[in-house]
Amino acid sequence: MGLGWCDAIASRIQSSSHKNREKTRLIQLHRNAAKEFEKLSPNIRSRIVCALKKFHETSRGDIRQIRGELWALAVGDYRVYYWKRAGDIGVVGVDHRSQAYIPERVESLEKRLAG
């Protein structure tokens with residue numbers, strides 16, 4: 001499938017809050033998150049993309065702070081780990097809920113945040 005799906009996730013939202021000044025907000029993906037995402041079925045990938053777009057636009061969703069800047073968005077049985085800064089979202093991992101919140105996994109995700 002390649003990395004073409006990144007284009008589907010990299011949504012750009014324009015807001016004109018100050019006289020024609022456009023602000024672009026992005027959803028960025030860590031390369032390891034991209035690999036995890038590609039292993040999922042097309043149906044699950046589609047659900048995650050839709051949930052990320054909705055969350056990005058509305059800041060609403062089933063979210064939970066994991067530790068520090070690391071958050072998780074629940075999408076069915078999957079957890080999408082991310083950070084959010086100045087309107088941008090950076091996805092650092094995707095796990096099935098059976099693997100979610102394991103301390104070793106959380107530590108590896110935090111390392112992705114730092115690097």
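The values are calculated or read from the model by the stated rules, or taken from the named source; none is laboratory data. Please read all numbers here as calculations on a predicted model, not as lab measurements. Positions of Cβ are generated from backbone atoms using ideal geometry, with glycine treated the same way; all protein chains shown enter the neighbour counts.
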### Among (1) farther than 20 Å from N32 by Cβ; (2) in contact (Cβ under 8 Å) with a residue 60 or more places away in the chain; (3) in contact with a helix residue (DSSP H, G or I) (Cβ under 6 Å, 6 or more places away or on another chain), the one test that G93 misses
(1)
### Task
Out of the residues in region 93-115 that are at negative phi and of a type in the set (S, T, Y), state the one that is surrounded by the fewest Cβ atoms within 10 Å (Cβ to Cβ).
S98
### Query
Which residues, counting only those in region 81-92, are at negative phi and either assigned to a loop (DSSP other than H, G, I, E, B) or touching a strand residue (DSSP E or B) at 6+ places or on another chain (Cβ under 8 Å) (or both)?
Y81, Y82, W83, K84, D88, I89, G90, V91, V92
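Of all the residues that make up region 27-78, how many are aliphatic (A, V, I, L, M), touching a residue at least 40 places away in the same chain (Cβ under 8 Å) and assigned to a helix (DSSP H, G or I)?
4
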### Task
For region 50-81, name all the residues that are among the acidic types (D, E) and within 21 Å of Q99 (Cβ to Cβ).
D62, E69, D77
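The rows are residues; the columns are (1) modelled with pLDDT under 90; (2) more than 13 Å from the chain's Cα centre (by Cα).
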residue	(1), (2)
A8	yes, no
T24	yes, yes
K39	no, yes
P42	no, yes
K53	yes, no
V75	no, no
Y78	no, no
